[in-house]
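Taking it in order: structure first as structure tokens, then the write-up.
The values are calculated or read from the model by the stated rules, or taken from the named source; none is laboratory data. Just so it is clear, the model here is predicted, and its values are computed rather than measured. Please note: Cβ atoms are built from the backbone with ideal geometry, for glycine as well, and neighbour counts cover all protein chains shown.
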Amino acid sequence: MIKTDALIIGAGPTGLFTAHQLKIIGLDCEIVDNLDKAGGQCIELYPDKPIYDIPAIPECTGEELTKNLLDQLKPFNINFHLGERVDELKKNDGNWEVKTNKGKTFLTPNVIIAGGVGSFEPRKFSPKECEQFEDKSIFYSIKNKKIFEGKTVSIFGGGDSALDWAVELSKNSKVNLIHRRDEFRGAQATLDKVHELQKSGKIELFTKYQLKTVKGNGSLESIDIEHENKEIKNLKSDYVLGFFGLIMQLGPIANWGLNLNKKTVEVDTEKFETNQKGIYAIGDICNYPGKLKLILSGFHEGALAARACFKLARPNEKYRFEFTTSSKTIKERLGVKSD
Amino acid sequence: MAKITYVEHNGNSHTVNVENGLSVMEGAVQNNIPGIDGDCGGGMSCATCHVYVIEGWFDKLEKKLDGEEDMLDQAFEPKKNSRLSCQITVTDEIDGLIVNMPEKQV
């Protein structure tokens, strides 16, 4: 069990800056994120898109913003738990006990939800019957490519993941690549390679088709794909892979007894605390009168929530407000010289 | 100003007046019409404001940008008449527009 002053859920800009605020005032923290890297929506949705409304930064991309926030955290030793999703939350003698899907447990008086619009999950196939084959014959990510050797694999999608895996798996498997339109959005070089492999018969390409249904008894046997003009083809398939990008879902947080408003969590504007003592929500996921979904608002909310954490983490101490320009204690924490 | 009709997958229909300059997605969200999420806030980066534009209207709207078609690859059950409603700007010209919503956004 990992004990900490505050657990931050979400490593997007709001979560990262809040870690900084906690460390500045002398609290420790741990960060969990379902993605395998820090940055949240900035890194997953718009790494290359310029942002123009970060105070004092006229223009930066999502990737640059993330890098700068991580640089700002360098003086501190912070544990990131990436590729993990928080699942359960329960009370434990005045603290919160939080479990992740990888079996880690945290014990903390403060849980800060900086979860954006929810955790990123792979977008799945729409036919309901796909569910029974999930993680057996139907996958949305690949952990062990060996299982596909000598098998027939049908890959759906038009981006880099679909193209890359089609090329890779065609070495040892029979590959069908299926996409809903003629244009692919993946890298041109990979697309050229796919066309080459198509000519040599290693990859069979089906465009303007989508998955209609999957068939099999216990294990997958074949799939039906439907053309734009309604024509249906049956393809023998041992495995099906879907690469349709990621969607955001509130996930297990929805079951934590918090006051929800659509996909957001209601908070006060003093501590950004939810209806549960010691659980805060900041950034895009929180809601209060006048809420703006701006990165700068998330920074402000995190700074205040961090101060609220102090009270519960250090009940016998009094929090004293200090500036980074003048505080000797803060400079020591940052590892910089005092004047 | 344009009168826009949003039809939920279950057939419930909502007709509202939307100001010029807003997007069709914003028109739905600001009027609390269920079925359009708009998670990314209109940045063409999430595909949760996906709609089907009814026949007759699809060709009258401004053409899709490249990025929109890419995002639609990731939408729930995209069809030929699919659009991201955040990319349709409201003007007097689209008065009377009718859009159908998919069964779900995610």
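Picking from A:112, A:142, which residue would you name as being more than 14 Å from chain B (Cβ to nearest Cβ), surrounded by fewer than 23 Cβ atoms within 10 Å (Cβ to Cβ), of a type in the set (A, V, I, L, M) and touching a helix residue (DSSP H, G or I) at 6+ places or on another chain (Cβ under 7 Å)?
Details: A:112 fails: surrounded by fewer than 23 Cβ atoms within 10 Å (Cβ to Cβ).
Checking each option against the conditions leaves just A:142.
Of all residues in segment B:67-106 being part of a loop (DSSP other than H, G, I, E, B) and touching a helix residue (DSSP H, G or I) at 6+ places or on another chain (Cβ under 6 Å), which is farthest from residue A:122 (Cα to Cα)? Don't jump to the end; show me each part of the working.
First, pick out the residues of segment B:67-106 that are part of a loop (DSSP other than H, G, I, E, B): B:73-81, B:88, B:90-91, B:95-97, B:101-106.
Narrowing the set further to residues that are touching a helix residue (DSSP H, G or I) at 6+ places or on another chain (Cβ under 6 Å) leaves B:78, B:81, B:88.
Numbers: B:78: 17, B:81: 24, B:88: 27 Å.
Result: B:88.
If I filter segment A:149-159 down to residues being in contact (Cβ under 8 Å) with a residue 60 or more places away in the chain and surrounded by 22 or more Cβ atoms within 10 Å (Cβ to Cβ), which single residue comes out as farthest from residue A:207 (Cα to Cα)?
Only one residue tops the list, namely A:153.
Identify the residue in segment B:1-45 that is of a type in the set (Val, Ile, Thr) and in a loop (DSSP other than H, G, I, E, B) and, among all such residues, is farthest from residue A:283 (Cα to Cα). Steps first, answer last, please.
Applying the first criterion (of a type in the set (Val, Ile, Thr)) to segment B:1-45 yields B:4-5, B:7, B:15-16, B:18, B:24, B:29, B:33, B:36.
Keeping just the survivors that are in a loop (DSSP other than H, G, I, E, B) gives B:33, B:36.
On the way: B:33: 24, B:36: 21 Å.
Across segment B:1-45, the extreme among qualifying residues is B:33.
For segment A:298-327, enumerate the residues that are loosely packed, with under 10 Cβ neighbours inside 10 Å and farther than 17 Å from residue A:109 by Cα.
Just the residues of segment A:298-327 that are loosely packed, with under 10 Cβ neighbours inside 10 Å, to begin with: A:315-316, A:318, A:320-321, A:323, A:325.
The answer is A:320, A:321, A:323, A:325.
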Q. Within 14 Å of chain B (Cβ to nearest Cβ), aliphatic (A, V, I, L, M) and under 17 Å from residue B:79 (Cα atoms), is that true of residue A:246?
A. no
Q: Just need a number here: residues in segment A:115-139 that are more than 14 Å from chain B (Cβ to nearest Cβ), of a type outside the set (Gly, Ala, Ser), touching a residue at least 40 places away in the same chain (Cβ under 8 Å) and in a loop (DSSP other than H, G, I, E, B).
A: 1
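Is it the case that residue A:76 is in a loop (DSSP other than H, G, I, E, B), within 14 Å of chain B (Cβ to nearest Cβ) and either at positive phi or of a type in the set (Phe, Trp, Tyr) (or both)?
Taking the combined requirement at face value, the residue does not satisfy it.
Condition test on residue A:78, is it over 18 Å from the mean Cα position of the chain (by Cα), more than 30 Å from residue A:311 (Cβ to Cβ) and touching a residue at least 12 places away in the same chain (Cβ under 8 Å)? Even if it seems obvious, please write down each step before you answer.
On the way: over 18 Å from the mean Cα position of the chain (by Cα): yes; more than 30 Å from residue A:311 (Cβ to Cβ): no; touching a residue at least 12 places away in the same chain (Cβ under 8 Å): yes.
Spelling it out, it is not the case that residue A:78 is over 18 Å from the mean Cα position of the chain (by Cα), more than 30 Å from residue A:311 (Cβ to Cβ) and touching a residue at least 12 places away in the same chain (Cβ under 8 Å).
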Q) Of everything in segment A:31-61 that's at pLDDT 95 or above and surrounded by 22 or more Cβ atoms within 10 Å (Cβ to Cβ), which residue is nearest to the other protein chains (Cβ to nearest Cβ)? A) A:39
Q: Using the structure shown, decide if residue A:197 is over 22 Å from the mean Cα position of the chain (by Cα) and either part of a strand (DSSP E or B) or modelled with pLDDT under 95 (or both).
A: no
(Q) Going by what's in this entry, would residue A:162 be described as away from chain B (no Cβ under 14 Å), among the small types (Gly, Ala, Ser), crowded, with 23+ Cβ neighbours inside 10 Å and closer than 22 Å to residue A:224 by Cα? (A) no
(Q) Regarding segment A:267-277, can at least one residue be identified that is within 14 Å of chain B (Cβ to nearest Cβ) and among the aromatic types (Phe, Trp, Tyr)? (A) no
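Could you tell me whether residue B:51 is more than 18 Å from residue A:124 (Cα to Cα) and out of contact with any helix residue (DSSP H, G or I) (no Cβ under 6 Å at 6 or more places or on another chain)? Let's see the steps before the verdict.
Values: more than 18 Å from residue A:124 (Cα to Cα): yes; out of contact with any helix residue (DSSP H, G or I) (no Cβ under 6 Å at 6 or more places or on another chain): no.
For residue B:51, the condition - more than 18 Å from residue A:124 (Cα to Cα) and out of contact with any helix residue (DSSP H, G or I) (no Cβ under 6 Å at 6 or more places or on another chain) - is not met.
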Q: Could you grab the pairs with beta carbons closer than 6 Å, sequence gap of 6+ or different chains, first residue in segment A:326-339 and in contact (Cβ under 8 Å) with a residue 24 or more places away in the chain, second one part of a helix (DSSP H, G or I)?
A: A:330/A:24
Q.
Criterion first (among the polar types (S, T, N, Q), surrounded by fewer than 16 Cβ atoms within 10 Å (Cβ to Cβ) and either under 26 Å from residue A:65 (Cβ atoms) or free of Cβ contacts under 8 Å to residues at least 40 places away in the same chain (or both)) does residue A:287 satisfy it?
A. no
